[in-house]
Amino acid sequence: MVKKEKKSLSMLKIKQVVSSIGKSPIQKKTLIGLGLRKINHEKTLEDTPSIRGMITKVKHLVQVQSL
């Protein structure tokens, strides 16, 4: 029997640096989907393709660090 090793998922630290006031509704919903609500609010999320796509939509509003 072969044991499967769990892959070590890398994490991303996402920080909102610009307000969502005056932005499109899609961008506001994307920020909420990432768990960001206010300026300087931070979240640590797994580095997955869906999270990367969400970050791409709001890249001008957030800072991203890989952990």
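For the stretch 43-67, filtering for residues that are open to solvent by less than 90 Å² (accessible area, probe 1.4 Å) and either out of contact with any Leu (no Cβ under 8 Å at 6 or more places or on another chain) or hydroxyl-bearing (S, T, Y) (or both) leaves 5. L34: within 14 Å of the chain's Cα centre (by Cα), modelled with pLDDT of 95 or more and aliphatic (A, V, I, L, M), yes or no? Yes.
Rundown of residues vs (1) modelled with pLDDT under 95; (2) out of contact with any strand residue (DSSP E or B) (no Cβ under 9 Å at 6 or more places or on another chain); (3) basic (K, R); (4) in a helix (DSSP H, G or I), yes/no style:
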| site | (1), (2), (3), (4) |
| --- | --- |
| V2 | yes, yes, no, no |
| L12 | no, no, no, no |
| Q27 | no, yes, no, yes |
| N40 | no, no, no, no |
| K43 | no, no, yes, no |
| R52 | no, no, yes, yes |
| I55 | no, no, no, yes |
| V64 | no, no, no, no |
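Residue-level check: of (1) open to solvent by 50 Å² or more (accessible area, probe 1.4 Å); (2) assigned to a helix (DSSP H, G or I), I21 misses just (2).
The values are calculated or read from the model by the stated rules, or taken from the named source; none is laboratory data. Quick caveat: nothing in here was measured; it's all calculated off a predicted structure. Because the Cβ atoms are built from the backbone with ideal geometry, glycine has one as well, and the counts that use them run over all protein chains shown. Heads up: the accessible areas ignore ligands, DNA and RNA and are worked out on the full protein's heavy atoms, side chains in. Shrake-Rupley method; radii C 1.70, N 1.55, O 1.52, S 1.80 Å.
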